[in-house]
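Report on the structure given below.
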Amino acid sequence: MDRFDLIIRNGTVATAADVFVADIAIKDGKIVQLGTALEGAAREIDAAGKYVLPGGIDSHVHISQPSGEGIVMADDFASGTLSALYGGNTTVMPFCLQRKGHPLREALKEYHALAEGECYTDVSFHLIVNDANETLLGQELPALVRDGYTSLKVFMTYDDLRLDDASILKVLDVARQTKATVMVHCENEDAIRYLVEKHERSGNVEPYAHATTRPVAVEREATHRALTLAEIVDVPIVIVHVSNGAAMEEIARARMRGGKVVGETCPQYLLLTADDLKGMDWEGAKLVCSPPPRDKAAQADCWRGIEAGVFDLFSSDHCPFRYEDVRGKRNTKGLKSFRHIPNGIPGVETRQPILFSEGVMTGRISLPRFVALTSTNHAKTYGLYPQKGTIAVGADADIAIWDPTIKRTIRHSDLHDGADYTPYEGVTLTGWPTTVLLNGKIMIEDGTLVGRKGDGQYCAASLANSIQ
Ligand code: DUC
Ligand code: ZN
Ligand code: ZN
């Protein structure tokens, strides 16, 4: 009888703290020993010359989320998690959306049913609070937090999703009492609506108008307001998908006042600009997401935020819609206005390779900082650490082995999501994950899928590791 199920030998192991050469021994899905010249496994993987990293955790993805009327998200749990796996991820965190007037438990039951037996990575759920009624706030949310749903998102934009400030204050208050983590989408809906109506009146309805009707000022103001509300309630807050330097400054200022703020940015704010939404007939719709990409200066600011620690999380905000599909980006409700283009772009598979190539390989960030931004901080922020997000004795054996020498050009035909395009077509990156283990099981081996649908499981979050 072998002592171990598997040894990963001689890899360069990186955690959020250290880089060291070691063997990793795995037994019953867990990491059980780190050392040199370990022996006694049924199987071995030679990782010499490779980086051995904690599996990526993408804590901001949208899968099978009900969208507007006639609109269908391009990924279900099978395609979304398969794409994530190929991108070196072992856990993703999608959002379970409350329907107005309905309990969250009802949506959760349906969401679990969609995920059950379908996943290639582990999953843990955030909640979206869409109807902050007394029953939800007083009874349902506290019980859900106890049951492992410890994070929730609120929106300051979108007519059918936004909460007003009074409701956000109530949600933050429940979060303070229950130690739940609140994520906020910061854009000022009234200002956006004013600009949208003005644009439409003047016949300015092309996809590029999506960017000009959601300028930096609407994000900056809402970011400031969300941070202020959290300060008043005295509770930590996560500002998601930050796109520019002005919103970053708000985060930095709130921290200087003593606020506990987690900042998140995404690949689109490093690689795309608003100009990419211009021209090409309706093709700009492919890049419509909110907040929109900005300009080169904002890209440089976001890089600075990644390097200097304004951002703790680098997530994809994978929110895929097909382009050649009236249920996707071509949905204009017969009016041909940017206003009806579903917001969101795919990116769960390319998130880590983009930051690895553009961040680590260029020397902008260290390997431990990469691990922190793509895995460890996600587990710590959302109650999955140290079971997930690190390479340590006792942790789940969720591991991605990266070959830093592979140079590959992104083509959507090589990706595994359910969309029909990638915003990053033609971008060449150096360094890709080649082998991925989930709970000790080899899922992808040298680029080939060997794991099965259903190998990924649901993981409840734990308040024991909450950021509060
Ligand atoms: N917010 C997100 O977080 N994702 C996609 C669309 C949106 O508005
Ligand atoms: Zn959002
Ligand atoms: Zn999102």
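The values are calculated or read from the model by the stated rules, or taken from the named source; none is laboratory data. None of these values were measured; they are calculated from a predicted model. Neighbour counts run over all protein chains shown; Cβ positions are idealised from the backbone, glycine included. For the accessible areas, the whole protein counts, side chains as well, though only heavy atoms, and no ligand, DNA or RNA atoms are used. Shrake-Rupley method; radii C 1.70, N 1.55, O 1.52, S 1.80 Å.
Residue count for the range 273-305 satisfying the condition of being crowded, with 20+ Cβ neighbours inside 10 Å, assigned to a loop (DSSP other than H, G, I, E, B) and of a type in the set (A, V, I, L, M, F, W, C): 2. Taking the range 432-441 as the range and being outside any loop (DSSP other than H, G, I, E, B) and within 23 Å of the chain's Cα centre (by Cα) as the test, the residues that pass are Trp432, Pro433, Thr434, Thr435, Val436, Leu437, Leu438.
I need the full set of residues from the range 117-145 which are open to solvent by 10 Å² or more (accessible area, probe 1.4 Å) and in contact (Cβ under 8 Å) with a residue 60 or more places away in the chain, in order please. The answer is Gly117, Glu118, Tyr120. Please work out if Thr36 is among the hydroxyl-bearing types (Ser, Thr, Tyr) and without any contact (Cβ under 8 Å) to a residue 60 or more places away in the chain. Considered against the rule, which asks whether it is among the hydroxyl-bearing types (Ser, Thr, Tyr) and without any contact (Cβ under 8 Å) to a residue 60 or more places away in the chain, Thr36 comes out as yes.
Conditions tested, residue by residue: (1) touching a residue at least 60 places away in the same chain (Cβ under 8 Å); (2) over 28 Å from Ser151 (Cα atoms).
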| residue | (1), (2) |
| --- | --- |
| Leu415 | yes, yes |
| Pro423 | yes, yes |
| Gly431 | yes, yes |
| Leu437 | yes, no |
| Gly440 | yes, no |
| Gly447 | no, yes |
| Lys453 | yes, no |
| Ser462 | yes, no |
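Does any residue of the range 97-107 turn out to be without any contact (Cβ under 8 Å) to a residue 12 or more places away in the chain and surrounded by 15 or more Cβ atoms within 10 Å (Cβ to Cβ)? Yes, the range 97-107 has at least one match. Flag set for Gly389, criterion: under 20 Å from the mean Cα position of the chain (by Cα) and on the phi > 0 side of the Ramachandran plot. Of the residues Glu249, Glu197, Glu187, the single one that is surrounded by fewer than 20 Cβ atoms within 10 Å (Cβ to Cβ) and in contact with a helix residue (DSSP H, G or I) (Cβ under 9 Å, 6 or more places away or on another chain) is Glu249. Which one is nearest to ligand 3 (Cβ to nearest atom) among residues in the range 129-146 that are within 18 Å of Gly101 (Cβ to Cβ) and aliphatic (A, V, I, L, M)? That would be Val129.
Hey, does the range 318-335 have a residue that's within 14 Å of ligand 1 (Cβ to nearest atom), in contact with a strand residue (DSSP E or B) (Cβ under 6 Å, 6 or more places away or on another chain) and part of a loop (DSSP other than H, G, I, E, B)? Step through it out loud before you land on a result.
Let us first name the residues in the range 318-335 that are within 14 Å of ligand 1 (Cβ to nearest atom), namely 318-321, 328-329.
Checking the rest, the ones that are also in contact with a strand residue (DSSP E or B) (Cβ under 6 Å, 6 or more places away or on another chain) come to 318.
When the remaining residues are screened for being part of a loop (DSSP other than H, G, I, E, B), the result is none.
Scanning the range 318-335 turns up no residue that is within 14 Å of ligand 1 (Cβ to nearest atom), in contact with a strand residue (DSSP E or B) (Cβ under 6 Å, 6 or more places away or on another chain) and part of a loop (DSSP other than H, G, I, E, B).
Any residue at all in the range 389-410 that's open to solvent by 40 Å² or more (accessible area, probe 1.4 Å), part of a loop (DSSP other than H, G, I, E, B) and farther than 23 Å from Thr213 by Cα? Taking every residue of the range 389-410 in turn, at least one turns out to be open to solvent by 40 Å² or more (accessible area, probe 1.4 Å), part of a loop (DSSP other than H, G, I, E, B) and farther than 23 Å from Thr213 by Cα.
Among the residues of the range 33-56, how many are assigned to a strand (DSSP E or B) and farther than 21 Å from Gln352 by Cα?
Of the range 33-56, the ones assigned to a strand (DSSP E or B) are 33-35, 41-46, 51-54, 56.
Those left that are additionally farther than 21 Å from Gln352 by Cα: 33-35, 41-46.
Going through the range 33-56 one residue at a time, the tally reaches 9.
Of all the criteria given as (1) of a type in the set (A, V, I, L, M, F, W, C); (2) under 17 Å from the mean Cα position of the chain (by Cα); (3) outside any helix (DSSP H, G or I), the one not satisfied by Ile71 is (2).
Filter the range 155-175 down to residues that are in contact (Cβ under 8 Å) with a residue 12 or more places away in the chain and away from ligand 1 (no atom under 11 Å from the Cβ), then give me how many there are.
Kept after step one, since they are in contact (Cβ under 8 Å) with a residue 12 or more places away in the chain, are these residues of the range 155-175: 155-163, 165, 167-175.
Okay, now just the ones that are also away from ligand 1 (no atom under 11 Å from the Cβ), so 159-160, 163, 165, 167-175.
Looking only at that region, the number is 13.
For the range 147-162, taking the residues that are surrounded by fewer than 19 Cβ atoms within 10 Å (Cβ to Cβ) and away from ligand 3 (no atom under 16 Å from the Cβ), the one that is farthest from Thr223 (Cα to Cα) is identified as Asp147. Restricting to the range 350-364, name every residue that is open to solvent by less than 10 Å² (accessible area, probe 1.4 Å) and charged (D, E, K, R). Arg351, the sole residue that qualifies.
Taking the range 344-386 as the region of interest, how many residues are in a loop (DSSP other than H, G, I, E, B) and either more than 18 Å from the chain's Cα centre (by Cα) or among the small types (Gly, Ala, Ser) (or both)?
Within the range 344-386, the subset in a loop (DSSP other than H, G, I, E, B) is 344, 346-350, 361-366, 383-386.
Adding the requirement that they be either more than 18 Å from the chain's Cα centre (by Cα) or among the small types (Gly, Ala, Ser) (or both) leaves 344, 347, 361-366, 383, 386.
Qualifying residue count, the range 344-386: 10.
Just one of the numbered conditions (1) over 30 Å from Tyr158 (Cβ atoms); (2) modelled with pLDDT of 95 or more is not true of Met1: (2).
Residue check: Asp420 meets all listed conditions (1) closer than 30 Å to Ile71 by Cβ; (2) open to solvent by 60 Å² or more (accessible area, probe 1.4 Å); (3) charged (D, E, K, R) but one, namely (2).
For the range 8-22, filtering for residues that are under 30 Å from the mean Cα position of the chain (by Cα) and either assigned to a strand (DSSP E or B) or closer than 17 Å to Glu445 by Cβ (or both) leaves 9. Of all the listed residues (Ser124, Ser167), the sole one being within 16 Å of ligand 3 (Cβ to nearest atom) and among the small types (Gly, Ala, Ser) is Ser124.
Being touching a helix residue (DSSP H, G or I) at 6+ places or on another chain (Cβ under 7 Å) and of a type in the set (A, V, I, L, M, F, W, C) is the filter; apply it to the range 209-225 and report the residue that is surrounded by the fewest Cβ atoms within 10 Å (Cβ to Cβ). In this case the residue turns out to be Val216.
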